[in-house]
Amino acid sequence: MKLRTLLILVLMIAGLILGGCQQDQQEPVADVSSSKQTEEETSKDGFQDDDKVVTINGKVLSYEDLQFYQLMNKVDIELNRAADTKNLEGEELKEKLAYWDEQLKYHDNFNVNLSKMMEQHTMYLLAREKGLDAETDLVAKTVEEFQNKVAQNEAASQLVSDFPADAYQNRLNNYFTEKLLTLQIYDTLKADILKEKPDASEKEVAYDTAKNYEGLYQSQIASLEIKINAADRR
């Protein structure tokens with residue numbers, strides 16, 4: 001939906017983060033003499049969980065926040081894979097499964113996860129500015145439905161179990177609050193397109209909505225005070 005926007009932001013981040021590159025092309029630095037505690041606290045990117053990655057209008061998003069967004073992106077991929085496995089077959093299924101494999105590798109990229117985290121938080125701030133809100137009951141229901149889906153998916157459950165339990169649970173409500181508000185903005189833009197072009201095809205509506213969403217996002221991100229702290233570390 002927002003591939004062009006994502007690519008633009010990835011390029012911007014890559015220009016700010018010296019030496020930024022895909023994690024799947026990086027070799028983890030192993031020091032056999034280091035202690036187990038140090039290995040657990042410091043990632044292969046050289047970050048600790050509480051290190052600042054980006055600051056948006058004074059809101060600090062840490063490396064652990066980034067790891068959480070990576071987790072959520074990968075869990076979504078596994079849930080989509082399961083849905084396709086159930087609904088597709090033959091060559092179409094084979095192509096989709098290969099696509100989801102590529103997406104898993106894609107989301108090992110530091111810059112990709114950073115850009116997605118920045119985008120969701122940025123559009124969440126825009127939603128708040130517009131007076132939008134996500135009711136507590138709706139957020140709770142969305143979280144519950146998500147957790148039920150994860151519990152029924154072995155691959156997704158494994159991803160979640162590998163993440164610190166407290167860090168995972170403490171972020172779910174905020175994550176889905178942001179996501180629901182971001183979807184409200186998209187749905188509002190889509191409704192406007194449908195009013196303007198009631199006879200438009202589904203493809204045209206999707207294209208125009210994505211274009212307007214991208215315009216809003218570019219305008220919003222330009223209006224915020226953003227510091228990519230990771231640029232000082234890479």
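FYI, it's all coordinate maths here, none of it is from the lab. Because the structure is predicted, anything quoted here is derived from the model rather than measured. Glycine also receives a Cβ, built like all others from the backbone with ideal geometry; neighbour counts cover every protein chain displayed.
On the first, second and third principal axes, largest extent first, how far apart are the outermost C-alpha atoms of the stretch 98-234 in Å?
Computed over the stretch 98-234, the largest-to-smallest principal extents equal 47, 41, 37 Å.
Equivalent ellipsoid semi-axes for the stretch 135-193, as square roots of 5 times the alpha carbon gyration tensor eigenvalues: give them largest first, rounded to whole Å.
For the stretch 135-193, the ellipsoid semi-axes come out as 26, 13, 10 Å.
Subtract the Cα-Cα distance of Glu144 and Ala83 from 0.36 nm times their separation in residues, and report this length gain in nm to one decimal.
20.1 nm
Of the GluC sites (Glu not before Pro) in the stretch 67-136, which ones lie in a loop per DSSP and count no more than 13 other C-beta atoms within 10 Å?
When the GluC sites (Glu not before Pro) of the stretch 67-136 are filtered for loop state and at most 13 Cβ neighbours within 10 Å, Glu89, Glu135 remain.
If eta is 0.692 mPa s and T is 37 °C, what Stokes-Einstein diffusion coefficient results for the stretch 54-154, Kirkwood Rh from Cα pairs, in µm²/s?
In µm²/s, the coefficient rounds to 209.
Counting only residues 5 or more places away or on other chains, whose amide H sits under 5 Å from the amide H of Ser62 once H atoms are built in the peptide plane?
It is Val53, by chain and number.
Tell me, what ³J(HN,Hα) does each residue in the stretch 190-200 have, in order and in whole Hz, if you take phi through Karplus 6.51 cos²θ - 1.76 cosθ + 1.60 with θ = phi - 60° and put x for Gly and Pro?
With the stated coefficients, the stretch 190-200 comes to 5, 4, 5, 5, 5, 6, 6, 10, x, 9, 5 Hz.
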